[in-house]
Each structure stands twice: as structure tokens, then as C-alpha cells.
Amino acid sequence: MIKWLVAITLIHVATYTTSSAAEQSHSELGGIAARALEEQARSKGLQTVHVEVFPLDQRVSLPECNEPVRILKDRNQSVLGRVTIGMRCETPEPWTIYLRGRVTSLVSIPVLNAPINRSELIVESDIVFQEMEIDADLQGVFIDPKQIVGKIAVRNLIAGKPLRQSDLKAPQLISRGQSVNITSRAGGLIVTMKGKALGNARAGDRLWVQNQSSNKRVEGEVTAEGEVLIR
């Protein structure tokens, strides 16, 4: 979706005033820019994309391009929010121009349907999906409800807001002194033995355990099932 806004765009080209030559259509340039910005957003997996392009100042006059206008790629620029897109033409006269725009996307994000207090466990019934218009990358925001369910709130959380990784933590699976299964995998062999946890741990943590048979201490990774895996 394209919406034209009244603004002066940033340009990097001399203004041409030759009246005898055909002029490049401003609306055509805006359409090219809008389609390119939408394509960039969709390439990142975004579906419902809204593009606003700021039109050129009417005083800017460019020779009509005799070839398809080339889009200048900027790999460091985000596809959402305030963006700038460059376009280049080589013939009949070379010019480069930059248009500004704004790109947003409507996405469905898992949120809480009711407030959750600190240290409470989040279950599947606590989660609903809510459509939101975003103008920035969802870095650090949970978009998969499977990554939320079974975790514990680290602070009081309100309903209807995106959940960030800093809002939740995995529950403690193992307590110090607890008896645990130790699984060793090496050379295609799998050996299971009993051990004692030498600390508290969550899934994914590294944990020192004591082998109950040999009394040796070994370190492994805690699995989601509460076992300690030695590789």
C-alpha cells in the first residue's frame, strides 16, 4: 500500500532545467521506490506491508531515463521505519537521487491475555495473539508462543504488550544436591549413570555434577528433560 505525503525529499543530484528534454515522472519514481521498499520488507518474511513515500520537490527536474531506473542497495539499512532509497540512471544523462519514506508492517504477536506477577509460570492459556503495526525490527521480542510457555516472569508483566527475552527466564530444573542422570556421548557410545548436582541449574545451563560411582566431578549441559549431557 502506497501513501503520498507532502515533504521535501533528500536528493543527491543537480537540478536540471532544460525544457527541451523529456522530464522523468516524479510519480513514476515514487512508485518504483515504493515497490522496492515493499519487496525488501517482504524478503524479510513480513506479509502485510505499508509503504509511505515522500514525493520529490516539484522544482526538481530530471531527464527522463532511457533505461530501467536502478535501485541502489543499502544492506545496512533496516527495512522498517524511516528509510532512504537511492535510484540511479545512466542515460541520457547520469543522475542519482534519494527518496525518503516510512515502512510499517502489521504482524501478529503473542501477548499475555491477563497480567502475570513476578515468578509466576506462564502456561498456554495465558497467551493470545494480537495484531500490531510495527516500524522497527522485533529484536529480542518473542514471536513464537512455544518460546514463552513454560517460562517464568522475572518481573510483573502487563497484558497486551510484546514479551521480550529479558521479561522471562527458564524455570529451575535442578537443585543443588539433587540426584540427576548423567549421559555421556562419545565415539557413538551412550553411557548413562547417576550423579549429584553441585549447583542449581536451568535448561541450557552448564552444571558440575559428581558421579556417584567414581566420585569424579564432571561438567555438562542441562537438557530440557533435566538430565546432564556430557559430550
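The values are calculated or read from the model by the stated rules, or taken from the named source; none is laboratory data. Computed from a predicted model, the values in this text were never measured in an experiment. Please note: Cβ atoms are built from the backbone with ideal geometry, for glycine as well, and neighbour counts cover all protein chains shown.
Take the residues of the stretch 126-169 that are among the basic types (Lys, Arg) and loosely packed, with under 12 Cβ neighbours inside 10 Å: which is farthest from the chain's Cα centre (by Cα)?
Arg155
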The stretch 76-88 residues that are within 17 Å of Thr48 (Cα to Cα) and assigned by TED's automatic domain parsing to the domain that holds His50, paired with ones that are aliphatic (A, V, I, L, M) and surrounded by fewer than 16 Cβ atoms within 10 Å (Cβ to Cβ) (beta carbon under 6 Å, 6 or more apart): Leu80/Ala136; Gly81/Ala136
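Can you tell me which residue among Glu133, Glu93 is touching a residue at least 12 places away in the same chain (Cβ under 8 Å), in the same structural domain as Ala36 (by TED's automatic domain parsing) and either under 29 Å from Lys73 (Cβ atoms) or in a strand (DSSP E or B) (or both)?
Numbers: Glu133 fails: in the same structural domain as Ala36 (by TED's automatic domain parsing).
Unique residue meeting the criteria: Glu93.
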Residue by residue through the stretch 107-125, note down the ones that are polar (S, T, N, Q) and either in contact with a helix residue (DSSP H, G or I) (Cβ under 6 Å, 6 or more places away or on another chain) or surrounded by 12 or more Cβ atoms within 10 Å (Cβ to Cβ) (or both). Ser108, Asn113, Ser119
Could you say whether any residue in the stretch 46-64 is surrounded by 13 or more Cβ atoms within 10 Å (Cβ to Cβ), at pLDDT below 95 and under 30 Å from Ile152 (Cβ atoms)? no
